[in-house]
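The values are calculated or read from the model by the stated rules, or taken from the named source; none is laboratory data. This one's a predicted model, so the numbers in the text were calculated from it and none came from an experiment. Heads up, the Cβs are rebuilt from the backbone with ideal geometry, glycines too, and the neighbour counts pull from every protein chain shown.
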Amino acid sequence: MLLGVVFHASLPFATTGWMVSDWKRNEALLGFVGWVHGFRMPLFIYVSGYFTMMLWRGRGLTALLRQRFLRVFLPLLAGVVTVLPIQDWCVGWARSRAQAQDAIRFSQPGVRSEMVEAIRKGDLVRLRELLESGADPNEVDPEIRDPALSWASHYNNPEAVRLLLDKGAEVNKPSAGGHRALHSAAFFAHPEVLQILIERGAEVRVKDNSGSTPLEATRGSWSDVRGIAQFLRIPVPADETTFRQRRELCRQQLSRNGAGHPDETKASGGSVSPGVQEDLLTASRRAYRDFLASEQFEVKGSARISGGDGSKRWHLVLGSIFDHLWFLWFLCWLVGFFALAVSVWGRLGLPRIPHAWLLSPAWPLVLVPITLTPQLWMAPFGPNFGPDTPVGLIPQPHLVVYYGIFFAVGALYFESRDVEGRLGRGWVWLLVGANAVLFPLGLATMEQHPIVSGVSQILFAWMMCFGSMGLFRRYLSGENPAIRYLADSAYWLYIMHHPLVALFQSLIRPWDLSPMLKWLILSASLIGVLLVSYHYLVRGTWIGWLLNGRRIQRGGKPASTAG
């Protein structure tokens, strides 16, 4: 969980659009984000499965469910009604402060693009003056790193789009994230701009850095559109019904011009690009993605659980309801499935599942094939390293299977009684192989070779799990009060850190330091402040009892146990 704090502290310096992004970014931190994301939660779920089996064997099913209700469900419920509203306020305050900081910074010469400012203001006269005086029509703004044509598309300004193209703007010029103006027109539902771009030679099947095409951009949720529009400081679509109608027009235009799957294109009356075929995996992933994003999972809602969406609608599968507390909700599902499984297993009198293979060198022959199936369904909206994040009320099926496998293997490992430490014994080679070979291979093959990347990501996750086990068994197997203290505090630190990330990042945002140094300062500040709060406000109190069970209170008196 401490790694999760450091992970989230890196996001303002690694990417844009996350709570409060920094002025400066370091692409090396993107590698760190992918590395942590590739194994952190699989390892956590694996360990959770181990201790779930231990509790069940030691205390029985009723005690297990009671313990998980107290330690998992109640903290989740408390977090939803306290931490997340506080987080919303902190993020709102931090973003307002960031806008004020930006206003001061952008008033300085050379910080903001004059051409983009003319587009923002809809000042075609000034835009023409700049272009005729020699301004580069492909100029990229220094803040978001989007070219001028993309900004004209963001703002749904057909006249500015035509003017830039007439003056030599590249119709397919990418932004820092690989997005083209056509992606923007499709995402924000600007059919007139989209048609102009297509007529002027825009590639309808072009992909951004995440592998998303303009047609796939039209599947972005209404909440995402509003959120990104606010981040870019462009007009936010107010009428969802009109927006959806315009979004459908964009889909039809793209399909008629060969952007869709051949069957979709043919049905729309468009032409099919020669040689374009879709394999079974791609077709099934596309169908699964459409199923997950379908409107059948949308319901009316309000307040925080709607994700702050002014449309008062939220998506049961893709809507961000629990934010960083999603893992608690997911654990509730996994424990429920575990309780059902052991009950049915016992009633039917079935034999125990064999587990000798887990302690042998043959474990990849079992774990890779069974984990590959859900892995191939990961990232249905664009490639990324590591598992998806199930933030919705209804967990995505492929993630139930994926994390269910890690949970089940953790439970099986407890059953194996590995007193000799056979699993993870070669931890050095496991960690070296995972980090030196599998991680870079998985990154390099994500877009062009999904099966190779999938196998690499699976092996990376499992080898990091088993290698970390061996590493900790080698150096941290004995009693260590400091490590015990950190382990006890980690739950509190993780639950509470998100609001502070927004606040602290807002405070250090104007500092003229390297992103790497600011990340280290932010991480140390978060952990330091939260450790102090844990020591004086949580440890030895009912909050500490709720999170961790019986602990020694200040003054040496034992706290009551929750079982």
### Filtered residue count, the stretch 5-18, keeping only those that are more than 20 Å from residue 379 (Cβ to Cβ) and surrounded by fewer than 20 Cβ atoms within 10 Å (Cβ to Cβ)
1
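Conditions tested, residue by residue: (1) free of Cβ contacts under 8 Å to residues at least 24 places away in the same chain; (2) hydrophobic (A, V, I, L, M, F, W, C).
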position: 36; (1), (2): no, yes
position: 40; (1), (2): no, no
position: 43; (1), (2): no, yes
position: 62; (1), (2): yes, no
position: 68; (1), (2): no, no
### Filtered residues of the stretch 79-107 (kept if over 24 Å from residue 117 (Cα atoms) and not in a helix (DSSP H, G or I))
none
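Among the residues of the stretch 484-517, what is the count of those that are of a type outside the set (Phe, Trp, Tyr) and within 21 Å of residue 27 (Cα to Cα)?
Of the residues in that region, 13 qualify.
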### Criterion: closer than 22 Å to residue 44 by Cβ and either at pLDDT below 90 or out of contact with any strand residue (DSSP E or B) (no Cβ under 9 Å at 6 or more places or on another chain) (or both) - qualifying residue of 475, 536
475
### Task
Working carefully through the options 357, 329, find the one that is touching a residue at least 24 places away in the same chain (Cβ under 8 Å) and among the aromatic types (Phe, Trp, Tyr).
329
### Query
Right, residue 470: modelled with pLDDT under 95, over 18 Å from residue 334 (Cβ atoms) and either in contact with a helix residue (DSSP H, G or I) (Cβ under 7 Å, 6 or more places away or on another chain) or crowded, with 21+ Cβ neighbours inside 10 Å (or both) or not?
yes
### Message
Quick check on the stretch 334-366: of everything there that is crowded, with 17+ Cβ neighbours inside 10 Å and modelled with pLDDT of 95 or more, which residue is nearest to residue 214 (Cα to Cα)?
### Response
334
### Message
Take residue 55 and tell me if it is over 29 Å from the mean Cα position of the chain (by Cα), among the aliphatic types (A, V, I, L, M) and either assigned by TED's automatic domain parsing to the domain that holds residue 413 or under 18 Å from residue 497 (Cβ atoms) (or both).
### Response
yes
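Yes/no matrix, rows are residues, columns are (1) buried (at least 17 other Cβ atoms within 10 Å of the Cβ); (2) touching a residue at least 12 places away in the same chain (Cβ under 8 Å); (3) out of contact with any Cys (no Cβ under 8 Å at 6 or more places or on another chain); (4) more than 20 Å from residue 46 (Cα to Cα):
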{"residue": "411", "(1), (2), (3), (4)": "yes, yes, yes, no"}
{"residue": "422", "(1), (2), (3), (4)": "no, yes, yes, no"}
{"residue": "439", "(1), (2), (3), (4)": "yes, yes, yes, no"}
{"residue": "449", "(1), (2), (3), (4)": "no, no, yes, yes"}
#### Entry: the stretch 505-526, subset crowded, with 19+ Cβ neighbours inside 10 Å and among the aliphatic types (A, V, I, L, M), residue nearest to residue 5 (Cα to Cα)
526
### Query
What about residue 144, is it β-branched (Val, Ile, Thr), part of a loop (DSSP other than H, G, I, E, B) and within 27 Å of residue 226 (Cβ to Cβ)?
yes
### Message
Looking at 103, 189, 135, 94, can you tell me which residue is touching a helix residue (DSSP H, G or I) at 6+ places or on another chain (Cβ under 9 Å) and closer than 30 Å to residue 505 by Cα?
### Response
94
### Complete set of residues in the stretch 90-107 that are free of Cβ contacts under 8 Å to residues at least 12 places away in the same chain and closer than 18 Å to residue 323 by Cα
92
#### Entry: Subset of the stretch 171-217 that is acidic (Asp, Glu) and not in a loop (DSSP other than H, G, I, E, B) - its residue that is surrounded by the most Cβ atoms within 10 Å (Cβ to Cβ)
216
#### Entry: Number of the condition not met by residue 32 [criteria: (1) aromatic (Phe, Trp, Tyr); (2) over 30 Å from residue 453 (Cα atoms); (3) surrounded by 15 or more Cβ atoms within 10 Å (Cβ to Cβ)]
(2)
### Task
Could you pull out the residue among 406, 385, 466 that is touching a Phe, Trp or Tyr at 6+ places or on another chain (Cβ under 7 Å) and among the aromatic types (Phe, Trp, Tyr)?
406
### Query
Here are 304, 256: which of them is at pLDDT 60 or above, over 19 Å from residue 384 (Cα atoms) and surrounded by 14 or more Cβ atoms within 10 Å (Cβ to Cβ)?
256
#### Entry: Residue in the stretch 56-65 that is surrounded by fewer than 18 Cβ atoms within 10 Å (Cβ to Cβ), touching a Phe, Trp or Tyr at 6+ places or on another chain (Cβ under 7 Å) and at positive phi present
no
### In the stretch 2-26, the residues that are out of contact with any Phe, Trp or Tyr (no Cβ under 9 Å at 6 or more places or on another chain) and in contact (Cβ under 8 Å) with a residue 12 or more places away in the chain
3, 15, 19, 20, 23
### Criterion: at pLDDT below 95 and in contact with a strand residue (DSSP E or B) (Cβ under 7 Å, 6 or more places away or on another chain) - qualifying residue of 386, 392, 382
392
### Message
I'm trying to understand the selection: among the residues of the stretch 399-441, which are within 29 Å of residue 329 (Cα to Cα) and of a type in the set (Gly, Ala, Ser)?
### Response
404, 408, 410, 411, 416
